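One structure is given here, and the rest of the page talks about it.
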């Protein structure tokens, strides 16, 4: 009898808990919610095997069925959560400004100028406009905001 067979026989149902915890540990090292479902299935089989004496063949089939069922249930839950999403412009500050309107503190001359937005001074390119003009941010070119004049409101 090999060492593995002897170990499985001596540990009995506790081997499922060990396998489950190893799979959960593997999930921590290689995240992606893949090993999580197998680990949970192994722990459930281990708990059931401790409470009820089941043959190893049935435990193995039960592990397979629970793994597939938990993976399908987990994918359904994750797909619902995935639709909530975060801010797509989280790390692109300039893109967050597109469509917003601001007042020029300094004029745009020769196609270049600056605008103060909150606590930051941004470079702006666009048609020449005097200081105090309203501009709308139409786009971003690198670190420069592309401005379009906003017609005065009547």
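The values are calculated or read from the model by the stated rules, or taken from the named source; none is laboratory data. All values reported here derive from a predicted model rather than from experimental measurement. Cβ sites come from the backbone with ideal geometry, for glycine too, and all protein chains shown count toward neighbours.
A few notes on this one:
- Filtered residues of the range 28-42 (kept if surrounded by fewer than 18 Cβ atoms within 10 Å (Cβ to Cβ) and modelled with pLDDT of 90 or more): none
- Hits in the range 29-51 (condition: closer than 21 Å to residue 72 by Cα and out of contact with any helix residue (DSSP H, G or I) (no Cβ under 9 Å at 6 or more places or on another chain)): 30, 31, 32
- All conditions but one from (1) touching a helix residue (DSSP H, G or I) at 6+ places or on another chain (Cβ under 6 Å); (2) assigned by TED's automatic domain parsing to the domain that holds residue 19; (3) over 29 Å from residue 14 (Cα atoms) apply to residue 74; the one that does not is (3).
- Residues satisfying the stated conditions in the range 94-111, i.e. surrounded by 13 or more Cβ atoms within 10 Å (Cβ to Cβ) and closer than 15 Å to residue 146 by Cβ: 94, 95, 96, 97, 98, 102, 104, 108
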